[in-house]
Structure formats: structure tokens, C-alpha cells
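Below is one structure, written out as C-alpha cells; comments come after it.
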Amino acid sequence: MTNETNTTRATTANRTYKSTMFIMLFEDKNNLLELYNAISGKNYTDPGMLEINTLENAIYMTMKNDISFLIDGRLSLYEHQSTDNPNLPLRFLFYISKLYSGMTRNENLYGTRIVQIPPPEFIIFYNGRDELPDRMERKISDMYTVRDPHAGLELKAVMLNIAGKHNQKLKEACRTLREYAIYTDKVRRYVEEMELADAVERAIQECISEGVLKDFLEKHRAEAKEMSIFEYDQEKHMKQEREAAWEEGHREGFNSGIMLTKQVLQLSARGKSIEDIARECSISPEQVREILE
């Protein structure tokens, strides 16, 4: 393989995944330990206890998890979302499989001795516009095509809403999380009044003057601005795609409804019974009666 090919693939991979302010803030072990303490109720003071093992953005990967780390003999995976994503449990499954695979690569998985692995926890920090509760659970079983209480695999993730006034107690326990939420709330508020780049710049200036993420923003101002613009554009794009899909589905449903009504009326005009119409249209007799009425 040539160097040129390697460079091309690496560039493609880098475009697939872009870092975020959330990741930059909590890759700092001091901030991450503060967040872990706030979530777990612990009071650890030594950041060295944390072993960060976030998946690298390798060339062959199309996804990268936000933050994963070991502490207390447990494996924690934290994800940040500005749009509600019900598919995160499946992504968490991919991430945890990759992490466990790396942890056990030197173990004999075919032997008689049990191979021990750390128990996982999955946390989603949500700070989008949708009005969601403080806390909710996402389960991989919600994605199954058939509801089966005996399904052999379950994965549960807890989603915590950190936008606006949500989860104030948690944010009071973690200053970095609270100040990050203040910053993102400012960006969303100002983008309603001005261009995105100006809104981000104003939010950065205000936060620095108010002592919100001051050291971070002064040190990483250009990166923070670039990442915020990227994140907001991505969020806007995903919202537009969802709206377009809903409109298309609504339009198709409306058109289908018109066609069904026409078919029912035509069959009725030809003297077909309600039962015959229901059978031919694959609907219930009650639905036929509603249309005819």
C-alpha cells in the first residue's frame, strides 16, 4: 500500500469523526474525575485512579466513542448528544465489544478458567432543544423487531438531560459540566438572533468575562469556536433530515389514505359487502364502516 493511499484513508477517517468541546473538557482527568464523582456519589481526589481507554479513531473505524475509562474496577462509557438518538444502545454495544476485545486479547477464551471483565455503565449526557425529562432509560431491547421479554441480550443506558434547568443538582456537583451547559445554552440562545459564528463568539466572550470555562476558552478559543460551529451545523442538519423524513412519510400516508378511501367507495358502489371490502383492502370491517360513514 502506498503512502498516498494511507494518507487518503486517514484523511477520510478523520473527516468521519470530529472532536467536540465535551470530549476536550472531559479528556482532562481532573474534570473527568469530578464528573464521575458527581454521577457516582464518590469523593475521589486522585485523578491518577482513572485509566482512560477511549477507542482511537482508527482508519478502519467509522465510529468513535466519546469517553470510556476504568475506575473502581468498573468500565464507564460516557456519550454526549445534542440530538435525541434512540440508536445509542446499539452503538454502545459496538463500543463495549471493541473494548472487551482489547482487554481480553491475551486471555484464553476457550479455557476452563473464567475470564474476568469489568462491569460496564452507559451514560448519555443530552443537551439538545427537545424537552426531555431529567433522566430516562434507553434499552437495546426497544430496538428489537419483536418484543421478547426473554431475549438473550439487554443493554441499558441512562440518559441525563443537562440543558437549561434540568439536573441542577448534578451540575452543582460538577462545575465543569454546569459551565459547559451554560456555554451551550448561550450559543443556542444567541443563534436565534445572529449568524452562527457571531453567536459562538459572543457566547465565548461572555463566558470568559463571567468566569465560565474561562481557562479552557482562553487557552483553546479557536478550537472551541470551530467545534461549536461544527456541532451546531451538524445538529441543524440532522434536525432538517428528520423533518424532511417526517414530511415525506406524512405525505405518503396522506396519499395512501386517499387511495384507500377511493378503493372502498368504488367497491361499495359495485355492491360489495363490508366484509368483502375489508378482505380485499386488508383492513378491518370497522375501518370500512368509518370510511363509508
What list of ³J(HN,Hα) couplings, whole Hz, do you get for segment 149-164 from phi and the Karplus terms 6.51, -1.76, 1.60, once you set θ to phi - 60° and write x for glycine and proline? x, 9, 4, x, 9, 9, 9, 10, 10, 9, 9, 10, 7, 10, 7, x
The answer for GluC sites (Glu not before Pro) in segment 22-123 that fall in a DSSP coil and have at most 11 neighbouring Cβ atoms within 10 Å is GLU56
Please check which bits of segment 150-171 a label hung off ASP134 would reach, taking the label as a point 7 Å along Cα-to-C-beta and the cut-off as backbone N under 18 Å. 158-171
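Where a number appears in this text, it was derived from the coordinates with a stated rule and is not lab data. This structure is a prediction, so every number in the text was calculated from the model and none was measured. Positions of Cβ are generated from backbone atoms using ideal geometry, with glycine treated the same way; all protein chains shown enter the neighbour counts.
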